[in-house]
Amino acid sequence: MRKLISSAVATLAIGIFATGCAGPEQKLGRGINNVTELARGGEIRRSMEQTALWEGADRAYTTGFIRGFNRSLARTGVGLYEIVTFPFPTYDPIFLPEDPVYPDSYTPNMIADPTFGPDAALGFSGGDVAPMIPGSRFRVFDY
């Protein structure tokens with residue numbers, strides 16, 4: 001049993017070190033991003049919005065919600081797969097779009113934090129104040 005565990009750990013370590021780091025990082029990051037899709041709700045909001053635009057407002061809360069929920073479950077499953085298999089090639093996305101989706105009516109920007117701002121000496125910068133809250137559209141400096 002010890003030989004099996006130590007050989008599995010050695011194989012995993014060789015796989016991680018032999019593959020380089022850009023591909024596995026991107027795959028792991030994409031997997032973590034996709035796993036959190038159910039909590040973020042981007043697919044559900046976008047599907048409801050698109051259904052309201054193309055099929056009518058009466059179908060947005062039923063068909064749009066179900067379509068978005070199905071897409072969220074699929075994205076979560078693919079995220080779990082990518083987290084488990086991140087050290088192994090291939091590193092191309094298997095579920096498109098690769099980036100998280102947002103409704104067309106709102107795409108969040110960077111968090112309003114001096115770390116990301118161009119002028120940290122003043123102590124304030126632009127960006128979203130609360131992008132983790134759905135529907136938060138308040139920005140400090142929106143031109």
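Side notes on the structure shown:
- Dipole magnitude of the stretch 2-84 about its Cα centre (Cβ charges: Lys, Arg +1; Asp, Glu -1), debye to nearest 20: 300
- The ranking of 62, 51, 85 by Cβ neighbour count inside 10 Å, starting from the fewest, reads 62, 85, 51.
- Of the GluC sites (Glu not before Pro) in the stretch 1-83, those whose Cβ has at most 15 other Cβ within 10 Å and which sit in DSSP loop: none
- Residue exposure sequence - 105, 72 - by fewest surrounding Cβ within 10 Å: 105, 72
- Exposure proxy order (Cβ contacts within 10 Å, fewest to most) of 12, 4, 38: 4, 12, 38
Here, each number is a calculation from the coordinates, and none is a lab measurement. A quick note: this is a predicted structure, and the numbers were derived from the prediction, not measured. Because the Cβ atoms are built from the backbone with ideal geometry, glycine has one as well, and the counts that use them run over all protein chains shown.
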